[in-house]
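Structure record follows, encoded as structure tokens.
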Amino acid sequence: MPGHIITVVGGKGGVGKSQFAANLAFAFALENRQKSLLIDLDQKACGDQNIITGLRSKKNIKDISDFNGSFDAKTINMFVTPHKAGVHYIGMPSEPSLALEVAPDGVAKLLKAVPNLYPVTIIDVGSELNELAVKAMEFSTMIAMVVTPDLLAVNQTKRIFSELTTMLFPKEMMFLFLNQFQKGHPVTPETIGRQVGKPVFNVLPKDDQGCTRALSSGAPLMVLSKNSPFSQGVADSVRKIKQKNILASLERLKKPEGAKVKATSATKSAGSRSGRDPWTDLKSRIHRGLVEEMDMKKTDANDEQGMIVLRERTKKIVVELLGKEDTKGILNSREDMNKIVKEILDEALALGPLEDLLADKTISEVMVVGPKKIYYEQSGKVKVSDITFTNDRQVLNVIERIVSKVGRRIDEKTPYVDARLQDGSRVHAIIRPVALDGGTITIRKFPEERLTYKSLVDYGSLTQNMADFLKISVTNHRNIVISGGTGSGKTTLINILGSFIPANERIITCEDSAELNLPQEHVVRLETKPPSLEGEGAVDIRCLVKQTLRMRPDRIIVGECRGGETLDMLQAMNTGHDGSLTTVHSNTPRDCISRLETLVQYAGAGISPKAIKEMIASAVHMIVQQTRLEDGSRKVMNITEVGGMQGDVITLQDIFVFQQEGVGSKGKIKGKFLATGFIPKFVEKIEKKGVKIPRGLFKNE
């Protein structure tokens, strides 16, 4: 009697479909006391099943797809890795480029044979309906759709259900399995059934502790602990399938052959049969040869000398591999040869297509939107680059290379990250399923030469008088908040103001991603830390600010206040830590005050609005408003003193302002900086200490 194939698919990443698929295979083996087969066909998360099962297959699905012989009980043993619990396993290549080369037609030959070799075969196809996934479903008896009780997962499961129905897969062969469910959750199995259009077949209880322990141990939870809630849920699913004789009843259903996958950016890049150009295919073959020839992961990316040696060694191997290829019609000149060698080296050892953009000193920002769109900012204007990535996997490789160097991680559970490059450039990355068009990277380049206040004067961002006044204010322990929008230059300005702090003072900086580069010797740099895989151990800005108060700081600099840390920062300014600096997102000095009031409430301390205003009025001495104008230039629009309270209103008085007068012929904004003539109240306090402040600073030239 022939066996059955069950394909497991998830509507989106993070629903636990890979753990469910692995444990389902082990549950069938244990319940039936017969061997079952587990196949990993998830091209996107290649290698995950190796971790879940603890098995490392010498041969993988790529070897099978390239195999020209027929499959029988003897030949299949050449490719499977057995587990003592009775499960045979065929994994995906751990190298992403190889995973994309798996041929659906080659896999189809295996899927045609396995029902005669195993009673049950479980296939993990991931969360995308690519050619490989659809091919597996064509040979399947059942499609198990894993969903979690959150609206995004339900919506994406509904999408996959609809797409499969459009491809003429019978609704009867699709079964919903609700994972990570807790009693009392507002999203019930009945709600999910109504939304998707198919009732939930079985519910698997939430078991974070058991699943995390299984992953850490490198063993399926069905083997590690049969009595855990998740294991019980999976075993119950197997019993329900057997008791109702579901697989036998589904066998008669007619399934589509050669179903067409809806063309998306993800499916277009899957597999070598996707019509890539000869140049890209040649690079792909060389990359595979490199993986076989050398292990580049063992080299420390922070060892500059080691990386130089590795690059030369890799270059030699690349040239040798190219010499063995038929490059006629692809490489027609020495320039072509040099270009492809550089591209391969950049992709293997560096940041691929971004290397040339990052090396260009005139470019200040690089923005990647999926594999085919790269933008950059040059002279304040955003332009489109003619450079592109090969596919989304290459974008992910670049992101992973960046974040791994700073001890951070990015995955489907946490699909975004803040990081930095070795030169201090700020990096933000966000990936699928949140980024719909593929991996998105935003790199704010760090200038090679440290900017000084003279640089800002030369650029026309402020005047010499304004710079001198700011220097006096910082030196004399004024608490300053730098206000501005995204990309307005707040970080650059706080870096310059920080450089005014006397060298004999102890400075402690707190940032999400360390960017400040102060010239003083006695600087303690603190950086936030994301949670571990278990969701523990996170250290946020508020925690860092609290720690600084126990570290005897003379000055506290917070990269940006965007939450409850604002309360701790204001309290520090009010209790003997004068001269502190921070930045806030807002558009005017008055908006900055409102923003601070809102952020203090995030701390949840239950302080009255009037008390918050009084705290701000006594803590903050000055607001410096930085703005990026329409022509791309960045200006200090206001230097404003916080004058205290008048009734329920915090009084503000401008000391310097930028007055726009018009627009030039080339779109350049015309205007001038003006001193309002107002002399700050704190000037008298400073002068009592013996510091002379020239009144000429507050007059217009």
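The values are calculated or read from the model by the stated rules, or taken from the named source; none is laboratory data. As the structure is a computational prediction, the values presented were derived from the model and not from experiment. Please note: Cβ atoms are built from the backbone with ideal geometry, for glycine as well, and neighbour counts cover all protein chains shown.
Of note:
- Filtered residues of segment 646-663 (kept if over 17 Å from residue 619 (Cα atoms) and surrounded by 12 or more Cβ atoms within 10 Å (Cβ to Cβ)): 654, 655, 656, 657, 658, 660, 663
- Every residue from segment 550-574 that is assigned to a helix (DSSP H, G or I) and buried (at least 19 other Cβ atoms within 10 Å of the Cβ): 565, 566, 567, 568, 569, 570, 572, 573
- Any chance residue 665 is hydroxyl-bearing (Ser, Thr, Tyr), assigned to a helix (DSSP H, G or I) and in the same structural domain as residue 464 (by TED's automatic domain parsing): no
- Taking every residue in segment 670-698 that is under 18 Å from residue 653 (Cα atoms) and pairing it with any residue that is surrounded by 12 or more Cβ atoms within 10 Å (Cβ to Cβ) and hydroxyl-bearing (Ser, Thr, Tyr), at least 6 positions away or on another chain, the pairs with Cβ-Cβ distances below 6 Å are 673/463.
- Scanning segment 534-570 for residues that are closer than 21 Å to residue 522 by Cα and of a type in the set (S, T, N, Q) returns 547, 548.
- A search for C-beta distances below 8 Å between a residue of segment 571-596 that is touching a residue at least 40 places away in the same chain (Cβ under 8 Å) and assigned by TED's automatic domain parsing to the domain that holds residue 541 and any residue that is in a loop (DSSP other than H, G, I, E, B) and β-branched (Val, Ile, Thr), counting only pairs 6+ apart in sequence or on different chains, returns 573/620; 579/501; 585/486; 596/620.
- Condition check for residue 395: out of contact with any Ser or Thr (no Cβ under 7 Å at 6 or more places or on another chain), assigned by TED's automatic domain parsing to the domain that holds residue 349, surrounded by 19 or more Cβ atoms within 10 Å (Cβ to Cβ) and modelled with pLDDT of 90 or more: no
- For segment 614-643, the set of residues classified as free of Cβ contacts under 8 Å to residues at least 60 places away in the same chain and surrounded by fewer than 21 Cβ atoms within 10 Å (Cβ to Cβ) consists of 614, 615, 617, 618, 629, 630, 643, listed by residue number.
- Qualifying residue in segment 14-31 (condition: at pLDDT below 90, closer than 22 Å to residue 142 by Cβ and in contact with a strand residue (DSSP E or B) (Cβ under 9 Å, 6 or more places away or on another chain)): no
- Applying the criterion of being over 24 Å from residue 243 (Cα atoms) and in contact with a Leu (Cβ under 7 Å, 6 or more places away or on another chain) to the residues of segment 193-212, the residue that is surrounded by the fewest Cβ atoms within 10 Å (Cβ to Cβ) is 210.
- Test result for residue 630, charged (D, E, K, R), under 18 Å from residue 593 (Cα atoms) and within 40 Å of the chain's Cα centre (by Cα): no
- Counting only strands (runs of 3 or more DSSP E) that sit completely within segment 466-549, those holding 2 or more residues that are in contact (Cβ under 8 Å) with a residue 40 or more places away in the chain and either at negative phi or polar (S, T, N, Q) (or both) correspond to 480-484, 507-511.
- Annotation: of all residues in segment 445-466 being crowded, with 20+ Cβ neighbours inside 10 Å and not polar (S, T, N, Q), the one that is farthest from residue 681 (Cα to Cα) is 445.
- None of 130, 179, 155 is buried (at least 22 other Cβ atoms within 10 Å of the Cβ), touching a residue at least 12 places away in the same chain (Cβ under 8 Å) and over 25 Å from residue 26 (Cβ atoms) except 130.
- Some residue of segment 72-92 being in contact with a helix residue (DSSP H, G or I) (Cβ under 8 Å, 6 or more places away or on another chain) and farther than 21 Å from residue 116 by Cα: yes
- The residue list 401, 409, 420 contains one member that is among the basic types (Lys, Arg) and crowded, with 21+ Cβ neighbours inside 10 Å, which is 420.
Okay, residues lined up against (1) under 23 Å from residue 618 (Cα atoms); (2) touching a strand residue (DSSP E or B) at 6+ places or on another chain (Cβ under 6 Å); (3) not assigned by TED's automatic domain parsing to the domain that holds residue 626:
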{"residue": "479", "(1), (2), (3)": "yes, no, no"}
{"residue": "482", "(1), (2), (3)": "yes, yes, no"}
{"residue": "495", "(1), (2), (3)": "no, no, no"}
{"residue": "504", "(1), (2), (3)": "no, no, no"}
{"residue": "509", "(1), (2), (3)": "yes, yes, no"}
{"residue": "549", "(1), (2), (3)": "yes, no, no"}
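- Residues of segment 88-137 classified as within 34 Å of the chain's Cα centre (by Cα) and either of a type in the set (D, E, K, R) or at positive phi (or both), total: 8
- Boolean, residue 543 is crowded, with 19+ Cβ neighbours inside 10 Å and farther than 30 Å from residue 689 by Cα: no
- Here 492, 440 are screened, and the one residue that is among the hydroxyl-bearing types (Ser, Thr, Tyr) and farther than 19 Å from residue 362 by Cα is 440.
- Residues in segment 34-48 that are at pLDDT 90 or above and either outside any strand (DSSP E or B) or touching a Cys at 6+ places or on another chain (Cβ under 9 Å) (or both): 34, 35, 40, 41, 42.
- Matching option when the condition is more than 22 Å from the chain's Cα centre (by Cα) and polar (S, T, N, Q), among 528, 486, 509: 509
- For segment 22-51, the set of residues classified as touching a Leu at 6+ places or on another chain (Cβ under 7 Å) and either surrounded by fewer than 24 Cβ atoms within 10 Å (Cβ to Cβ) or hydrophobic (A, V, I, L, M, F, W, C) (or both) consists of 22, 25, 41, 51, listed by residue number.
- Set 530, 502, 553: member being of a type outside the set (Gly, Ala, Ser) and in contact with a His (Cβ under 9 Å, 6 or more places away or on another chain): 553
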